[in-house]
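The values are calculated or read from the model by the stated rules, or taken from the named source; none is laboratory data. From a predicted model like this one, the values you see are computed outputs, not experimental measurements. Every residue, glycine as well, gets a Cβ built from its backbone with ideal geometry; the counts of neighbours run over all protein chains shown. For accessibility, only protein heavy atoms count, side chains too; no ligands or nucleic acids. Shrake-Rupley method; radii C 1.70, N 1.55, O 1.52, S 1.80 Å.
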Amino acid sequence: MEEREFKVEGMTCMHCVNTVKKALSTIEGVSDVEVFLDTGKVRVKLEKEVPFESLKQAVEEWGYRVVE
């Protein structure tokens, strides 16, 4: 199982955290998502290969910015 971590800008509350979690959880191959509001970091566990661009797009569709 692969794990990826990246930073997301624009999250200010638990609603933002839940939105980012939900957006990433809809991607096939994502098995777990952890979002840390205080640092802006997101940790994603993957069951199979998922392009980083797919993760980024899912988050940015909701108005947040992914910092690689």
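Per residue, how much accessible surface does the chain expose to a 1.4 Å probe? Answer in Å², no decimals. All intermediate terms of the calculation are to be shown ahead of the outcome.
Working: 4270 Å² over 68 residues.
Computed with neighbouring chains in place, this is 63 Å² per residue.
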> At a 1.4 Å probe, what is the % contribution of carbon and sulfur to the accessible area of the chain?
Replying inline: 46
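Sorted by accessible area (1.4 Å probe), largest first, how do 52, 6 line up? Mind showing how you got there, number by number?
On the way: 52 50, 6 10 Å².
The ordering from most to least exposed comes out as 52, 6.
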> Quick one: if you stick a label point 7 Å off each Cα along the C-beta vector at residue 46 and residue 25, how many nm between them?
Replying inline: 2.0
> By a straight-distance test (C-alpha under 15 Å), which aspartates and glutamates pair with residue 22 as possible cross-link partners, with residues fewer than eight away in the same chain excluded?
Replying inline: 32, 34, 60, 61
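Rounded to the nearest 500, what is the chain's calculated 222 nm mean residue ellipticity when only DSSP H runs of at least 4 contribute -39500 (n - 2.57) each, over all residues? Working shown, then result.
Values: 2 runs with 21 residues, N = 68.
Calculated mean residue ellipticity at 222 nm is -9000 deg cm²/dmol.
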> Remind me, relative contact order of the chain in percent, using alpha carbon pairs under 8 angstrom and six or more residues apart?
Replying inline: 44
> Across the range 29-37, in residue order, what do the Karplus-derived ³J(HN,Hα) couplings come to in whole Hz, using 6.51 cos²θ - 1.76 cosθ + 1.60 with θ = phi - 60° and x for Gly and Pro?
Replying inline: x, 7, 9, 7, 9, 10, 10, 10, 4
> If the viscosity is 1.002 mPa s and the temperature 20 °C, what translational diffusion coefficient in µm²/s does Stokes-Einstein give for the chain when Rh comes from Kirkwood over Cα pairs?
Replying inline: 185
